[in-house]
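Below: the structure, in structure tokens.
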Amino acid sequence: MRTLFRDGSADRVRSRNESAWLLPAGQGRANEELRATMRTFEDRDDVDAVIVGCGAGGATMAQRLARAGWRVAALDAGPFWDPERDWVSDEAGSHHLYWTEPRVITGSDPVPLGSNNSGRGVGGSMVHYAGYTPRFHPSDFETHTRDGVGADWPIGYPDLKPFYEAIEGELPVSGQDWPWGDPHRYPHTPHPVSGNGQMFQRGADRLGIVTRVGPVAITNGRFGHRQHCIYRGFCLQGCKVNAKASPLITHIPDALAHGAEIRPDSMVTSVEVDPRTGRATGVRYVRHGVERFQRAAHVIVAGYSIETPRLLLHSTSRRFPDGLANDFDLVGRYLMVQGAPQTGGRFADEVRMYKAPPPEVSSEEFYETDPAAPYKRGFSIQTVSPLPITWSEHFAGQGIWGPELRERMRDYVHWACLGALCEFLPLPDNRVTLADETDRHGMPVAEFSYSQCDNDRALMKAAQQVMEQILQAAGAEHVTTFHRYAHLVGGARMGTDEHTGVVDRDCRSFAVPNLLITDGSVLPTQGAANPALTIMSVAARAADRLIHHSTSTPPAHPTVWREHVRDSR
Amino acid sequence: MTARLPHRAITPGSTPQRFPGFDVLAEADAWDPVTAGVVLARVGPQPPLRFFSPAQEAVARPLFDLILDQHQEPRVPVFEMVDQRLAELATDGWHYGDLPADPQAWTLSLGALDQDAHQQCADGFASCPLEDQESLLRAFLDLGDDTWHGMRADRVWSLWSRYACTAFYSHPWAWNEIGFPGPAYPRGYKNPGVNAREPFEVEDRRAAHRDPA
Ligand SMILES: Cc1cc2nc3c(=O)[nH]c(=O)nc-3n(C[C@H](O)[C@H](O)[C@H](O)COP(=O)(O)OP(=O)(O)OC[C@H]3O[C@@H](n4cnc5c(N)ncnc54)[C@H](O)[C@@H]3O)c2cc1C
Ligand code: SF4
């Protein structure tokens, strides 16, 4: 193994986030003892922060605040996973990882949810995300100024850059030196490339399109007590190996060691506000069928782009009759998905695309606005490697059935597959509202309406063309493209003031001083990059601001808890 | 464990093997126990039927056979697997605004298909000859995004085909047919790359095969 660590050696990461070293070194994937000795709070304890959702944004926040000595209770609607016991190396058997509670989809281009978009449980959607972790480009933060579309963020790329570097070290990210956006390097060297990646590289090389291996949040070599990837291709089903990063293993262990409580199976149904002071007082939640209320000095919502707006809209009061922090009808709006067409190419050769992590090789050659193109902004191209169920659904979605479906599927080992991420624009009517239907808690479910604009459609077409050309250049006998969407961001975006955003540049809501939102919903635009790294970096920045620049009472609890846990280890 | 499994290298309908002798279940000893439990349950006995009524069953069984081209034994028990999912509400959660939630959408759409069939065959879809069932399905698919019995045809198709595909391609017999080895933990793969195989993977005997497109 080469020396892998560049920015922030493993030792430097360990000194600020010990998660990877807190996992079991040998058998087992979850640190039972750390969980068993976890500090717990009473509902009546006024914790410094209660966090709703332990995914990308929420878990990052929990770890940062706990390390700074804050007393944190982080609630999640789903379970506290043990990868060994709870996850399987199987596509259909992984259904329980997704948010499958009822939701209604509408609009002229409704977006199917479930397995495709959001997770449930500690670790959030990153438990079953693919693992691509590109940065946004500097242009993403000012698309309105540069291209007259989308929105400018109240922060710029330089504000986020140090947090990108920090999180890339903590995941850690593996990949070749990155030439696009703000050129940078990665802490881990790139992984070897499988058949699918080879086909992408072959076709792109012939067309003069630059590709790079990575960037993926999959350890290359040991990192702390995390194991090396075994190239088994089930990243979207949860990594049983602990090779692929998710907050469950990259941030939760360190948060526990610093005295945070992770409270799973706790569905938050409303955020309460004191009508007198206008401040949030805590959250109402249901655990094991019992309704409870956790008091807190800060409420931090991180339920992702559908559940966060749903929770805010459902948290009505005399002060906020239309939903919390919704004085200007912005909550739930400007929700985005990426156009994510997938192009398959069938080769005479055997590709066997399931034999590697689906995220392998990418290109950001088409990311920026091309002045010659009839559309603004762009797309990226990445390997994706659908497993048989998803692959057969693609064909069925084209109206293929019967003997032809079976025959196509018998070719499964011959297909290579690329996916594009097209930057769909933020539009006010793409939004979450509350439906009439209710869930088992009696809480109205989210209705998510989506309609594309012309720019969105033009991008999808352009991306399809490029991907088909690449696979043809690689020698495919036959290519075909499936239309689909990926990722969610927006829904409670940050802005310069309360007329343009729900939260400010530090993720603090304009309406309620001690209410923060630190998940994907605060992103004003989405670029053509997968969002998780950016979500974690935005949360890490928000935590930094909260800890160091908090105008509200900074908590002064020493980190005694940590020593206790160390002793008991 | 595998030595005791009665049949080896089964494919649905005993189709001629593109991957001769390839048997996913022969490797079951290499799977972690949690995954093995989930996957082997699919080749074991199915739970009793709970969701579909007999009238719905009469429509759903031939519909699944049609979608998945399963007209002879051994069959992947797609109908039973879908019944189980719907009975347990193991749905994807979301539903289109113009369709009810999945269980009700199934009930409505199977009834609608049977109604269409009655115009051709006195006793409904179940009694139609295969060619008639095929032409009914084709006519339905030709509607694209037009309305069919008050529902958008393409969305009903999405419902039917997603459940059908999820059941069928989660089954080890279907994996035998397509050369996919299934579970891969803790074993992993050591030989990725074009035309590279693991010792337990079998080369596609593709010569006999022609492009269906
Ligand atoms: C199949 C798939 C592949 C993906 N691939 C990639 C990829 O390669 N790269 C990438 O960057 N991104 C990828 N993503 C997206 C990425 O995972 C998400 O963007 C990211 O995890 C979102 O972070 P978040 O903090 O906003 O929300 P999440 O990580 O989803 O966390 C939200 C958490 O909040 C909890 N929650 C919600 N509501 C409540 C409530 N009311 N009470 C209590 N808890 C609640 C949920 O249970 C969940 O655990 C993928 C997603 C999917 C589904
Ligand atoms: S391919 Fe590697 S990273 Fe992905 S799930 Fe398997 S072991 Fe984990």
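Taking the stated definitions as given, is A:Leu421 at pLDDT 95 or above, surrounded by 20 or more Cβ atoms within 10 Å (Cβ to Cβ) and not in a strand (DSSP E or B)? Give the steps one after another, and end with the answer.
Values: at pLDDT 95 or above: yes; surrounded by 20 or more Cβ atoms within 10 Å (Cβ to Cβ): yes; not in a strand (DSSP E or B): no.
No; evaluated as a whole, the condition is false for this residue.
Keeping to region A:223-268, report how many residues are among the small types (Gly, Ala, Ser), near ligand 2 (Cβ under 7 Å from one of its atoms) and at positive phi. Quick ask: steps written out before the conclusion?
Taking region A:223-268 first, the residues among the small types (Gly, Ala, Ser) are A:224, A:233, A:238, A:243, A:245-246, A:255, A:257, A:259-260, A:266.
Of the ones still in play, those that are also near ligand 2 (Cβ under 7 Å from one of its atoms) are A:233, A:243.
Within this subset, residues satisfying the condition of being at positive phi are A:233.
The total comes to 1.
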Query raised in the report: Of the conditions (1) closer than 24 Å to A:Ala435 by Cβ; (2) free of Cβ contacts under 8 Å to residues at least 12 places away in the same chain; (3) within 12 Å of chain A (Cβ to nearest Cβ), B:Asp142 fails just one. Which one is it?
Result: (1)
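Would you please name the residue that is farthest from ligand 1 (Cβ to nearest atom), looking only at residues in region A:227-240 that are within 20 Å of the chain's Cα centre (by Cα) and not aromatic (Phe, Trp, Tyr)? Outline the logic, then answer.
Of the residues in region A:227-240, the ones within 20 Å of the chain's Cα centre (by Cα) are A:233-240.
Going one step further and asking which of them are not aromatic (Phe, Trp, Tyr), we end up with A:233, A:235-240.
Details: A:Gly233: 14, A:Cys235: 8, A:Leu236: 5, A:Gln237: 9, A:Gly238: 11, A:Cys239: 12, A:Lys240: 16 Å.
Filtering first and then ranking leaves A:Lys240.
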Query raised in the report: Out of the residues in region A:335-388 that are among the polar types (S, T, N, Q) and touching a Lys or Arg at 6+ places or on another chain (Cβ under 8 Å), which is surrounded by the most Cβ atoms within 10 Å (Cβ to Cβ)?
Result: A:Ser362
Report task. Scan (1) facing chain A (nearest Cβ under 10 Å); (2) of a type in the set (S, T, N, Q); (3) surrounded by fewer than 20 Cβ atoms within 10 Å (Cβ to Cβ) for the single condition B:Gln115 breaks and write down its number. Result -> (1)
Report task. For region A:79-135, name all the residues that are at the interface with another protein chain (Cβ under 7 Å from one of its Cβ atoms), surrounded by 21 or more Cβ atoms within 10 Å (Cβ to Cβ) and within 16 Å of ligand 2 (Cβ to nearest atom). Result -> A:Val88, A:Ser89, A:Asp90, A:Glu91, A:Ser115
Query raised in the report: Which condition number does A:Gly208 fail, the rest of (1) more than 19 Å from the chain's Cα centre (by Cα); (2) touching a residue at least 40 places away in the same chain (Cβ under 8 Å) being met?
Result: (2)
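Say we look at region B:122-133 and pick out the residues that are surrounded by 17 or more Cβ atoms within 10 Å (Cβ to Cβ) and over 20 Å from the mean Cα position of the chain (by Cα); which of these is farthest from B:Pro62 (Cα to Cα)?
So in region B:122-133, the residues surrounded by 17 or more Cβ atoms within 10 Å (Cβ to Cβ) come out as B:124-126, B:128, B:133.
With the extra rule that they be over 20 Å from the mean Cα position of the chain (by Cα), the set shrinks to B:124, B:128.
Numbers: B:Gly124: 11, B:Cys128: 10 Å.
Restricting to residues being surrounded by 17 or more Cβ atoms within 10 Å (Cβ to Cβ) and over 20 Å from the mean Cα position of the chain (by Cα), the top hit is B:Gly124.
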Query raised in the report: How about region A:17-119: which helices (runs of 4 or more DSSP H) wholly inside it have at least 1 residues that are closer than 26 Å to A:Phe448 by Cα?
Result: A:56-67
Requested in this report: Please name all residue pairs, on different chains or six or more residues apart, with Cβ atoms under 9 Å, provided the first residue is in region A:256-279 and is closer than 24 Å to A:Ala66 by Cα and the second residue is within 16 Å of ligand 2 (Cβ to nearest atom) and in a loop (DSSP other than H, G, I, E, B).
Outcome: A:Pro264/A:Trp81
Report summary line: Per the filter on region B:19-39, residues farther than 15 Å from A:Ser94 by Cβ, more than 23 Å from the chain's Cα centre (by Cα) and of a type outside the set (A, V, I, L, M, F, W, C) are B:Asp29, B:Pro33
Requested in this report: With the checklist (1) free of Cβ contacts under 8 Å to residues at least 24 places away in the same chain; (2) part of a helix (DSSP H, G or I) in hand, flag the one item A:Asn455 doesn't pass.
Outcome: (1)
Report summary line: Per the list (1) touching a strand residue (DSSP E or B) at 6+ places or on another chain (Cβ under 8 Å); (2) surrounded by 21 or more Cβ atoms within 10 Å (Cβ to Cβ); (3) under 22 Å from A:Glu42 (Cα atoms), residue check on A:Arg310 breaks on (3)
**Report entry** Members of region B:141-188 that are modelled with pLDDT under 95 and aromatic (Phe, Trp, Tyr)
**Finding:** B:Tyr185
Report summary line: Per the filter on region A:211-226, residues over 16 Å from A:Thr250 (Cβ atoms) and either of a type in the set (D, E, K, R) or within 16 Å of ligand 1 (Cβ to nearest atom) (or both) are A:Arg212, A:Val213, A:Gly214
**Report entry** strands (runs of 3 or more DSSP E) within region A:277-361 that include 1 or more residues more than 16 Å from ligand 2 (Cβ to nearest atom) and within 14 Å of chain B (Cβ to nearest Cβ)
**Finding:** A:336-339, A:342-346
Query - Every residue from region A:280-294 that is of a type in the set (Lys, Arg) and without any contact (Cβ under 8 Å) to a residue 60 or more places away in the chain - result: A:Arg284, A:Arg287
Query - Count of residues meeting criterion [touching a residue at least 60 places away in the same chain (Cβ under 8 Å), surrounded by fewer than 23 Cβ atoms within 10 Å (Cβ to Cβ) and either within 16 Å of ligand 1 (Cβ to nearest atom) or assigned to a loop (DSSP other than H, G, I, E, B) (or both)] in region B:183-194 - result: 1
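For region A:251-260, name all the residues that are closer than 16 Å to A:Asp82 by Cβ and either within 16 Å of ligand 1 (Cβ to nearest atom) or within 14 Å of chain B (Cβ to nearest Cβ) (or both). Break it down into steps so the answer makes sense when it comes.
Initial filter on region A:251-260 (closer than 16 Å to A:Asp82 by Cβ): A:252-253, A:256.
Listed by number, the list holds a single entry, A:Ile252.
So for region A:212-225 (the condition being among the aliphatic types (A, V, I, L, M), away from every other protein chain (no Cβ under 14 Å) and crowded, with 23+ Cβ neighbours inside 10 Å), does at least one residue qualify? Full working, then the answer.
Step one: list which residues in region A:212-225 are among the aliphatic types (A, V, I, L, M), which gives A:213, A:216-218.
Next cut, away from every other protein chain (no Cβ under 14 Å) only: A:216-217.
Now restrict to residues that are crowded, with 23+ Cβ neighbours inside 10 Å: A:216-217.
So far as region A:212-225 goes, yes, one or more of its residues are among the aliphatic types (A, V, I, L, M), away from every other protein chain (no Cβ under 14 Å) and crowded, with 23+ Cβ neighbours inside 10 Å.
The values are calculated or read from the model by the stated rules, or taken from the named source; none is laboratory data. A quick note: this is a predicted structure, and the numbers were derived from the prediction, not measured. As a convention, Cβ positions derive from the backbone with ideal geometry for all residues, glycine included, and neighbour counts pool all protein chains shown.
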